[in-house]
Each structure stands twice: as C-alpha cells, then as structure tokens.
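What follows is a short report on a single structure.
The values are calculated or read from the model by the stated rules, or taken from the named source; none is laboratory data. On a predicted model such as this, the values are computed, not experimentally measured, just so you know. Ideal geometry is used to build each Cβ from the backbone, glycine not excepted, and the neighbour counts take in all protein chains shown. Accessible surface is based on the protein model in full, side chains and every heavy atom, while ligands, DNA and RNA are left aside. Shrake-Rupley method; radii C 1.70, N 1.55, O 1.52, S 1.80 Å.
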Amino acid sequence: IEIYSLCVDCKVTSRFAHTVITSKIVNRANESREATFEVELPKTAFITNFSMSIDGKVYPGIIKEKASAQKEYDTAVLHGQSAGLVKITGRKLEQFHVSVSMAAASKVTFELTYEELLKRQLGKFELLIKVRPKQLVKHFQIDVHIFEPQGIRFLETDSTFMTNELTEALTKVQNETKAHILFKPTVDQQKINPELDETLLNGDFVVCYDVKRGATAGDIQIVNGYFVHYFAPREMPVFPKNVIFVIDRSGSMAGRKIEQTRDALLKILQDLRPEDHFSFITFNSKMAEWKSSLLQATAENVASAAGFVQTLSASGGTDINRALLAAVSVLDKAERLPERSVSMIILLTDGQPTSGESNVEVIQENIQEAVNGKYALFCLGFGFDVSYKFLEKMALSNGGIARRIYENADAALQLQGFYQEVATPILMKIEMQYPENAVEGLTKNNFKLFFEGSEIIVSGKISNELDLLPVEIKAQSHASDLTLKEEANVKEKEQVFKNQSYIFGNFIERLWAYLTIQQLLEKSISAQEEDQKTLEAQALELSLQYSFVTPLTSMVVTKPAGQQQTELANKPTESG
C-alpha cells in the first residue's frame, strides 16, 4: 500500500481556517489490502466534509443528527459496536481514522475538510497542522495561504521535526496582508538517512502570527451581509488583581503532582504585580487558610508565601465545597482593596469531591449562590480522575473557564501558561453595541473581562438596507470608563474580499455559524434543563444547515459493498 500523494491545503481568511487534507493511495500488491486514512486535527475544529473515491466511485460522508445516525448505525451493525472514527489523541488534537479494503492495483483518494476560528492566545494566533504519513510520500506538500486585511504584524513557522535539509523545502512569501507558506520536501529530503526508507515527517507543523491593530474600536469585516468585529485593545493599564489560589492537597496529589504545583506556584508568585492582592487556601478533607485575609503582593509577603508553598504536602480527602466557599468569604470580607480591581478564584484539583459535601449539583448551586456574579472562578483539572464536566459547569456558571492540566513533565509550565492568560486583565464589563433594528443573529456581545493578548469576536447578520454599520463599545478600564465609536462603510468593507481569488465566498457566514454553535454549546453546559434543550436544538439546526460535525451531529461514512457498511464520525468532547 503506497501513499503516493498527501496534500494539506489550508486557507486562513481573517482568522477563519479552512483545511483540506487529501491522501491518494495505490495498492501495488496483487491481492486486496487494507488502506488507512489517519489524520489528526485540532479539537477546536469542526469536520465539515469527508469522502472516499475508490476507482472513480465516490462515497461521501453524510452529516445527520447524532441520535438518528446512531439508530441507523445500530440497525446496520446489530452485533458489537465498533469504536467511532474520531477520538481524542492529546491536548490539542483528535484523530480521524478510517480504513477500507482495496482490490489489487486499485486506487483510493481520501479527502477530509475541517474548519475552525483561530483563537488569539498570549498575543498570537496558532495554526497547528499535524504531520505523520508513516511512510515516504512521493508528492507531499503543506500549502498555507493567509489573508488578513488588517495586515500581518509578524509571522513565524515552527516544527518539531525540521532539519537543515527539510528547511530547504520550506518557502515563505509575505506582503502587507498576505502570506503563503509552502512546505514541499522531496522523497530524499524526507528520509532520516539515505540508506533507510524511514520518514522524518512526524510531529507538529505550526504557523504563528498576529495582525496589526489601530488604537480604535477594533476592526470590522463584512462579506455577503454578514459581519465580524474583532476587538483587542493594547497598551492599556492593567487592573490590580485580587486572586485566591485554592489548592487541592488530598492524597491523590501526593508525589509528582504536588511538586509540580509547588514549582508553578513559586513562579506565579514572582509574576504577581506589587499592586495585586493574593492569598492561598489549601484543602483535603480539612481546609487551611494561609492567612485569614488577602495580602498585598509586596516583596516581603511574596517571600513569606513562597516559604508556605514549599511546605505543601498531600494526604487525605477532597472537600472542594468548603474550600471554595471559604475563598468567596475571604473576597467578600476583604477591605482596602484597590477601588478598580478584578477579583478571581483559581481552583486546582485532581479528583472528585469526597469529603464534606460530595454531591456535585449541590456544590455547583452553593458556589454560584455565594459568588453571585461578583468574582471570576477558574477551574483547573489535574489529570483524568477529575470530573471535568463538573469543573467546566462551575467555571462557566461563574464567569471563568475550565482547563485540563495533563500529567506530563511540563505540568508546571501548563499551570504557569494558564496563569499568564488571566494575569493581565485590562478591561471589564465590555459591551459591544450595534443598532438593534439593523443587526440580527448577534453572537455574544457582552464580556465580563478582557485579558491582554486575547481577542473579543462578535459576529452577526446585517439587514440589506444598511450603508453604514455604527458600533459602540462601552467598557471600564483601570483609568476610566471608555466609550469607543466606529462606523463601518458596508460597501467599502465588502470590496476588501471581492478581489481575493482563493477566498471561499461565504466565509464570514460560516465563521458566524461556527461561533454561534460554539457559544450555544458552551451556554448549554451551565444552563437549566429546559433552556439546555432549546440551546441544543438551535445548535443542532445550525450544525446541520452548515454541515459541521459537532457534539450534536454525526457523520455517517458508507463503504463499498461487502465491507462493514457504515461507520460514524462523532465529535469527542473534553468531558467525555
């Protein structure tokens, strides 16, 4: 079985990435063989299309509602259940895997398409392409086109498998608004050494970039009646933070995990700003407060905290409820905090609640009632024994996010990396306002906090008659209350994309659908049951209309007669 061609074709238009992976395989044997198409794609992406062409006949994947696809599948299979075609394979990736039996000398072409909106983190966008052909490929190429009308501020490529020889196969061409990256190694360049037929191509190929930004109310782009508004102010004063670290020191944290937690906390202490206030609560079946109130991050207090962190050891049960309620109470009672400041609780735990209140629904209610919208709660789940669903619901219900920390050598770096994302709040209570009568289907347009290095994105549909789209942004910065205004000329904005040959025409509409589905699904996590059904129904309708494989849809892949007829591609989620 020879893969004679493997092409990854990626077009990024204004952060929206459309990737097509095409693999062409020939069976050079004189009997039938199994051909496998195995690719990894970002977890944040939605698959939108898949097809197999076998000797000229096309077998397309068809996207259906998950429940009905499952029924159909069960009927077809009846005996035993094969694993789905997609599974999570790491922190950022999931794997799509399909095999088909090929007759002697026949050819098959596999083609998979997926789309995602690149998210700005720590000041850059990252396009991740996983490369692992497992054999030398005669015609191999990665072809990336980026078009950013705001202008490209910087762009770099990075790869885990580059050698000097392979660097010669990489070309980058870039102007003000466009970049083209082509990686096209010959068979000789792909080899680990000249004698062996083993490939070097195994790992990540990453393109990082950021766009230029004026100091205005963000950037608006419009195509075919849909708009997207990007807002990422820079060089603004940072809000002082009042942060309480709630650290699990139950028995399961013993050893490596508590060590890595100590390492990360020592680094994070160094990153606190002098005007920040902070404290620690550690818990197992009992709860211990380092200090009864928040302390200012003076050199002396930070040194004292470092001494405390170094003594952290782990044993006993897990009383999450009591520890979080204590953290809220410390913030409630805090005095002499900076007038304009941001209060947050960062919980790190590696297990289920086993001591005190152990019913997760009750804990969620208790915490939400106590926090009452005043503070942001971030939940970090260490490893795979946590109930990620519980942490995610708790964080999203209280203005924060959840993140899984993987039990690897770099766990301390993961913890620090997360802290860096939330370390510099520069705006709060952000409202993105558009004329009500002229805009519909608006995505989320008010945000509790904005952190330096990230980006706010709002998208919607504009009514036909509009010539000018006025925008008003209201927010609080550390220095003052802001009102920023901007007017977008609809005709002019539409013109920007008209002459771009490789742009798929309705990309802002698809971006709008992608963002809306993501937000509906996220909202449904923390919603009441009746609302949950409504939100999921809306997300399902859009998933089907725009053919996205989301947690609510499945792609049914049908194979040639005589083979296991149908298989399902589902979207795996972090909470399993």
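Of the residues making up region 237-255, none is touching a helix residue (DSSP H, G or I) at 6+ places or on another chain (Cβ under 7 Å) and either modelled with pLDDT under 95 or more than 26 Å from residue 323 (Cα to Cα) (or both).
Does region 68-76 contain any residue that is surrounded by 15 or more Cβ atoms within 10 Å (Cβ to Cβ), more than 21 Å from the chain's Cα centre (by Cα) and among the hydrophobic types (A, V, I, L, M, F, W, C)? Yes, some residue in region 68-76 is surrounded by 15 or more Cβ atoms within 10 Å (Cβ to Cβ), more than 21 Å from the chain's Cα centre (by Cα) and among the hydrophobic types (A, V, I, L, M, F, W, C).
For residue 444, the conditions (1) in contact with a strand residue (DSSP E or B) (Cβ under 8 Å, 6 or more places away or on another chain); (2) open to solvent by 50 Å² or more (accessible area, probe 1.4 Å); (3) closer than 28 Å to residue 90 by Cβ are fulfilled apart from (3). Per the conditions (1) outside any loop (DSSP other than H, G, I, E, B); (2) on the phi > 0 side of the Ramachandran plot, the sole criterion not satisfied by residue 492 is (2).
Each residue in region 101-154 was checked for being open to solvent by 20 Å² or more (accessible area, probe 1.4 Å), of a type outside the set (Phe, Trp, Tyr) and either farther than 26 Å from residue 494 by Cβ or touching a His at 6+ places or on another chain (Cβ under 6 Å) (or both), and 21 of them qualify. A single member of 302, 342 is touching a helix residue (DSSP H, G or I) at 6+ places or on another chain (Cβ under 7 Å) and at pLDDT 95 or above, and it is 302.
If you go through region 466-481 and keep only what is touching a residue at least 24 places away in the same chain (Cβ under 8 Å), over 31 Å from the mean Cα position of the chain (by Cα) and either farther than 17 Å from residue 223 by Cβ or open to solvent by less than 40 Å² (accessible area, probe 1.4 Å) (or both), you end up with 466, 479. State whether one or more residues within region 310-326 are of a type outside the set (Gly, Ala, Ser) and over 25 Å from residue 407 (Cβ atoms). So far as region 310-326 goes, yes, one or more of its residues are of a type outside the set (Gly, Ala, Ser) and over 25 Å from residue 407 (Cβ atoms). Search region 316-326 for residues being at negative phi and in contact with a helix residue (DSSP H, G or I) (Cβ under 9 Å, 6 or more places away or on another chain), and hand back the single one that is most open to solvent (accessible area, probe 1.4 Å). Here the answer is 325.
Note on region 407-441: among residues that are closer than 26 Å to residue 375 by Cβ and polar (S, T, N, Q), the one that is surrounded by the most Cβ atoms within 10 Å (Cβ to Cβ) is 414. Among all positions in region 338-347, there is at least one residue which is of a type outside the set (A, V, I, L, M, F, W, C), without any contact (Cβ under 8 Å) to a residue 12 or more places away in the chain and in the same structural domain as residue 283 (by the TED database). Taking the criterion of being open to solvent by 20 Å² or more (accessible area, probe 1.4 Å), at pLDDT 95 or above and among the small types (Gly, Ala, Ser), the only residue of region 508-542 that qualifies is 537. Report yes if some residue within region 162-169 is more than 22 Å from residue 194 (Cβ to Cβ) and touching a strand residue (DSSP E or B) at 6+ places or on another chain (Cβ under 9 Å); otherwise report no. Taking every residue of region 162-169 in turn, none turns out to be more than 22 Å from residue 194 (Cβ to Cβ) and touching a strand residue (DSSP E or B) at 6+ places or on another chain (Cβ under 9 Å). For region 255-356, which fully contained strands (runs of 3 or more DSSP E) count at least 3 residues that are farther than 27 Å from residue 430 by Cα? Strands (runs of 3 or more DSSP E) meeting the threshold: 277-283, 287-289.
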